[in-house]
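Every read-out reported here was derived from the displayed coordinates using simple, explicitly stated rules and does not represent laboratory data. Note that this is a predicted model, so its numbers are computed, not measured. Virtual Cβ from ideal backbone geometry, glycine too; neighbours counted across all protein chains shown.
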Amino acid sequence: MAHIVDISEVLLSIGLGASATDEERGMVQLGLVQAEAAIRKYIGYDPTFAIRTEYYPIKDVGTNYSLRRFEASESIAYERRVSEAATSQLQLRHIPIRNTTVPRVWIDYDGRFGKRSGAFANSSEKTFGEDFWPQYDSNDDDGVSIGYDGIIRSIGLWPTEPGSVKVTYAAGYTSDEFKGAKSLVNASSIAGAVVNEAGRYAKRLLVSKKTNAGWAAGPKIQEKLGDYSYTISTEAALSLFSTMSDLLPESKELLNEFQNYGFIGGY
């Protein structure tokens, strides 16, 4: 999984930069991983740019069922329900969706998240611009269409059977957009929140290291008193972060506009 910011940005924010030791860089790296995980959880998706293949809906959101499928397995026969179509828009998990790669959609009411042999055959693929179309808002700095709400609309209704829709699409922000280097698409608030939180996590670990020097009890697993040396375990470091999993109010304020409020099971 790609990082939202580079570790060098976090090091500079806490006054270390190129002078940081390998040990300090290791602690800051732990802080960066923890911060990015907390931010992905808060906004509900991974904001880094990638081409993704996903299956929708995630869960059963239908209330009525119009089709029953009878199947047999050895000596057992059983009935399996298939949800009827119920909505005209498909809400994708990752945003913003981009036309960097033209989205592709397949519909197979018995697709089973792609696990059934022969699921989502070529004949089940829908036509872009005719059967479905993303709800694009504008263009990015390269003239590529971009949709911030992550909605794909259909000429008909999307099925509600879990795993019956397969989508391949491009979504997320580029490294330049995280840096605020683009004029039309700016995701620097996300990067700013990551730097703030990673710096906070790393500072706590660095302070704890110094506080617990000498013979005091603490999370260290190795030290010597001559030319002072210190090693910390990953488990001990993560235990220090365990009480800091919640984001600061100012970080949440930076991130609120990037939350995917519409995603509930893919609809």
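What does the net charge come to around residue 14 if you take all other residues with beta carbon closer than 13 Å to its beta carbon, with K and R at +1 and D and E at -1?
+1
Calculate, for residue 54 and residue 181, the FRET efficiency according to 1/(1 + (r/R0)^6) with r their C-beta to C-beta distance and R0 25 Å; round to the nearest 0.05. Before the final figure, lay out each step's value.
On the way: r = 29 Å, r/R0 = 1.15.
Result of the calculation: an efficiency of 0.30.
So if I take the centroid of the Cα atoms in segment 130-146 and the same for segment 17-61, what is the distance between those two points in Å?
26 Å
Over all directions, what mean area does the Cα convex hull of segment 151-195 project, stated in square nanometres?
Values: hull surface 21.1 nm².
Computed as one quarter of the Cα hull surface, the answer is 5.3 nm².
For a 25 Å ceiling on Cα separation, which of these pairs sit above it: 59/252; 59/166; 179/252; 126/182; 179/203; 41/203?
Working: 59/252 28 Å; 59/166 14 Å; 179/252 18 Å; 126/182 34 Å; 179/203 23 Å; 41/203 22 Å.
Over 25 Å apart, Cα to Cα: 59/252; 126/182.
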